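What follows is a short report on a single structure.
The values are calculated or read from the model by the stated rules, or taken from the named source; none is laboratory data. These figures come from a predicted structure and were not determined experimentally. Glycine gets a Cβ as well: all are built from the backbone with ideal geometry, and neighbour counts include every protein chain shown. Surface accessibility is based on the protein's heavy atoms, side chains included, excluding ligands, DNA and RNA. Shrake-Rupley method; radii C 1.70, N 1.55, O 1.52, S 1.80 Å.
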Amino acid sequence: MSFSFFKPSRPKTPQEVARFIKDSLMALDTKTVVEVKALEKAMEEVEKNFVIMRCMLIGDAEVEPNADQVSQLVEEICKECVIDLLIHKLPVLGWEARKDLVLCWSILLKQKVGTTYCCVQYIENHFELLDFLVVCYDNKEIAVNCGTMLRECIKFPTLAKYILESACFELFFKFVELPNFDVASDAFSTFKDLLTKHGNIVSNFLGAHYVEFFDRYETLLTSSNYVTRRQSLKLLSEFLLESPNSQIMKRYILEVRNMKVMMTLLKDSSKNIQLSAFHIFKVFVANPNKPREIKVILAKNHEKLLELLHDLSPGKGAEDEQYEEEKELIIKEIERVSRLQHLAR
């Protein structure tokens, strides 16, 4: 006859898990945070509950997640407004708790309850939560965690559209140049996703905010920071030359100011920046409908431009052969424009 003094603990239901997470996060109030022992105990509860949430959503080495339980947990988290607490309590969470939250965040967003992305819908009704995550780039302790969570949000068109059109979007022009390299790099990754994930949304945004956006973007292209110049130039190529943005590109290459920026970058001390600048500069030159002002600038600077282009070479290889062909065509077009401008005098 066997005796057991310890009964195995009953697995918690999704409803209990959601409630325990909510209660433990709410315990991290102002009074608790300033009392060391009370804070330590509250943090332990949060971390314990986050581990339970992680195991229920992701499973562990022994148990696969149960689809019904996952769905119920997500529904309860939305019903109990736990999403608000998960985001607003981020600044006071410990490293382990933040790590578990980031792991769970993607699953929470992607999980459907019926036909609805429950957590995404919740955020759509509380867009201020996205503003909070963006502003958290100013807090280097949690900036990268918030950045990862933001990029998961940006996968959903409605959430990406909100951030693009919100006042907080302008903050990215500051965040990508923050002195902390890890934070600035993460901010740029989020900035890039916002401008490349949803072509039609981005195209509409750029069309509606063309002047303001490219005024700000020029500050990145002309930054004294090499990494900022290189990343922003590469990103400009990506979103400007995408098919949904063809009208934006046509407008961009009609402006002398933009071409002058590319001409300056052709003289950059970095070969990588020179080559990236060439791939945008060539579109100005190859445009069959170049405005007179563009032609005048090309003709006036043709000697310096030809010298720069002749010296610019990426190396050897199939792609480099294509580059050399394009470069020859651009050189010939600059020479042609220069001759015609000379004859027109």
Region 10-116 - accessible surface per residue (Å², probe 1.4 Å): 54
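Can you tell me how much longer the chain between Glu238 and Ser224 gets when fully stretched, taken as 0.36 nm per residue apart minus their C-alpha distance, in nm with one decimal? Before the final figure, lay out the partial values.
Values: separation 14, 0.36 × 14 = 5.04 nm, distance 2.18 nm.
Fully extending the segment from Glu238 to Ser224 adds 2.9 nm.
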Exposure of Leu171 as accessible area (Å², to 10), given a probe of 1.4 Å and all protein chains: 60
Reference-scaled alpha-carbon Rg (2.2 N^0.38 Å with N residues) for the chain: 1.32
Proportion of all alpha-carbon pairs of region 50-205 beyond 28 Å (%): 20
Cα centroid separation, region 266-281 to region 148-227 (Å): 22
His342 paired with His310, simple spin-label distance in nm, labels 7 Å along Cα-to-beta-carbon: 1.4
Additional length obtainable on full extension of the chain from Phe173 to Glu335, 0.36 nm per residue less Cα span: 54.5 nm
Most to least accessible of Arg19, Arg151, Arg292 (protein chains only, probe 1.4 Å): Arg292, Arg19, Arg151
Candidate aspartates and glutamates for bridging to Lys290, where Cα separation is under 12 Å - those fewer than 8 sequence places away on the same chain excluded: Glu255, Glu333
Nearest-ten-degree value, helix 36-58 long axis tilted from longest Cα axis of the chain: 80
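Set the Förster radius R0 to 51 Å, insert the Cβ-Cβ distance between Arg292 and Glu64 as r into 1/(1 + (r/R0)^6), and round the FRET efficiency to 0.05.
Working: r = 68 Å, r/R0 = 1.33.
That gives a FRET efficiency of 0.15.
Within region 10-116, what whole-number % of the accessible surface is contributed by carbon and sulfur, with the 1.4 Å probe and all protein chains included in the calculation?
The computed percentage sits at 54.
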For region 222-229, 3J(HN,Hα) per residue [Karplus equation, 6.51 cos²θ - 1.76 cosθ + 1.60, θ = phi - 60°, Hz, x = Gly/Pro]: 10, 4, 6, 8, 4, 4, 4, 4
